[in-house]
1. If you check every pair at least six apart or on different chains, which have Cβ atoms under 6 Å apart with a residue in the stretch 69-92 that is on the phi > 0 side of the Ramachandran plot first and a residue that is within 16 Å of the ligand (Cβ to nearest atom) and of a type outside the set (Val, Ile, Thr) second?
2. Those residues that are among the hydrophobic types (A, V, I, L, M, F, W, C), surrounded by fewer than 19 Cβ atoms within 10 Å (Cβ to Cβ) and farther than 19 Å from Asn31 by Cβ, I need them from the stretch 127-150; list them, please.
3. Of the residues that make up the stretch 49-71, is at least one modelled with pLDDT of 95 or more, within 25 Å of Leu173 (Cα to Cα) and assigned to a loop (DSSP other than H, G, I, E, B)?
4. Looking at (1) buried (at least 17 other Cβ atoms within 10 Å of the Cβ); (2) at pLDDT 95 or above, find the lone condition where Ala2 falls short.
5. Scan the stretch 75-88 and tell me whether some residue there is small (Gly, Ala, Ser), buried (at least 21 other Cβ atoms within 10 Å of the Cβ) and in contact with a Lys or Arg (Cβ under 8 Å, 6 or more places away or on another chain).
6. Mind listing just one residue for me: the one in the stretch 33-49 that is within 15 Å of Tyr128 (Cβ to Cβ) and more than 15 Å from the chain's Cα centre (by Cα) and, of those, surrounded by the fewest Cβ atoms within 10 Å (Cβ to Cβ)?
7. Which of the residues that make up the stretch 105-129 are outside any loop (DSSP other than H, G, I, E, B), away from the ligand (no atom under 11 Å from the Cβ) and in contact (Cβ under 8 Å) with a residue 12 or more places away in the chain?
8. What number goes with the only condition from (1) closer than 16 Å to Arg132 by Cβ; (2) assigned to a strand (DSSP E or B) that Cys102 does not pass?
Amino acid sequence: MARTGALPNRIRIELGDITRLTVDAIVNAANASLLGGGGVDGAIHRAAGPELLAECRGVGGCPPGEARLTRGYRLPAGHVIHTVGPIWRGGDAGEPDILARCYRSCLAIAREQGFQTIAVPAIATGVYGFPRDRAARIAVAEVAAYLAQNEIPAIVIFVCFDEANRDAYNAALGRGN
Ligand code: APR
């Protein structure tokens with residue numbers, strides 16, 4: 001459980017669809033091509049419209065663990081921070097470190113851009129198969145550590161698409177369900 005004593009209201013957990021949030025940026029759990037896919041990637045591209053794919057084509061991809069910024073187009077969010085999580089292969093192929101770097105990369109872009117509020121899905125826990133409880137612990141630990149050292153972003157919202165993920169984040173934060 002991460003120490004978030006000084007950060008209780010800067011880290012939030014919400015159940016819902018990340019494409020509907022009016023925040024400075026939402027994070028997309030993309031693949032290395034950045035050319036769309038299923039899961040949250042597909043939902044974000046559907047909601048943002050074709051201009052998002054057009055901009056992504058010009059980005060030239062993104063290695064696992066890194067992140068790239070685009071505009072949000074038809075999304076209520078102003079921007080999308082695309083990151084590429086690790087494909088789970090049992091945990092001994094560097095997956096935990098790559099996932100941790102995803103969060104750090106997204107937070108660094110938010111800080112550089114002066115984004116006050118960002119929303120983040122449970123990166124790599126769907127198609128990529130990363131165990132959700134372990135992923136939630138990594139996500140909370142990285143975000144708590146970053147916010148303890150940085151004022152911006154002011155708020156990070158973990159957006160959970162189902163109750164199992166919400167429970168995993170509450171457990172990682174030491175909060176009751
Ligand atoms: N809002 C919030 N969270 C969502 C949404 C949504 N609209 N849709 C899905 N999710 C959740 C999933 O339930 C899961 O917890 O996002 C988390 C990440 O799952 P995936 O979207 O499958 O992403 P990931 O596991 O990182 O796999 C990435 O899947 O969609 C493709 O193009 C993508 O190849 C890439 C791979």
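The values are calculated or read from the model by the stated rules, or taken from the named source; none is laboratory data. This one's a predicted model, so the numbers in the text were calculated from it and none came from an experiment. Heads up, the Cβs are rebuilt from the backbone with ideal geometry, glycines too, and the neighbour counts pull from every protein chain shown.
1. From residues that are on the phi > 0 side of the Ramachandran plot, the pairs are Tyr73/Ala48; Tyr73/Gly49; Tyr73/Leu52.
2. Within the stretch 127-150, Ala141, Ala145, Ala148 qualify.
3. For the stretch 49-71, residues modelled with pLDDT of 95 or more, within 25 Å of Leu173 (Cα to Cα) and assigned to a loop (DSSP other than H, G, I, E, B): present.
4. That leaves (2) as the condition not met.
5. Of the stretch 75-88, the ones small (Gly, Ala, Ser) are 77-78, 85.
Right, trim to buried (at least 21 other Cβ atoms within 10 Å of the Cβ) and you get 77, 85.
Narrowing the set further to residues that are in contact with a Lys or Arg (Cβ under 8 Å, 6 or more places away or on another chain) leaves none.
Looking through the stretch 75-88, none of the residues is small (Gly, Ala, Ser), buried (at least 21 other Cβ atoms within 10 Å of the Cβ) and in contact with a Lys or Arg (Cβ under 8 Å, 6 or more places away or on another chain).
6. Step by step, filter the stretch 33-49, then rank; the result is Gly38.
7. Hits for the stretch 105-129 are Ser105, Cys106, Leu107, Ala108, Ile109, Ala110, Arg111, Gln113, Thr117, Ile118.
8. Only one criterion in (1) closer than 16 Å to Arg132 by Cβ; (2) assigned to a strand (DSSP E or B) is unmet by Cys102, namely (2).
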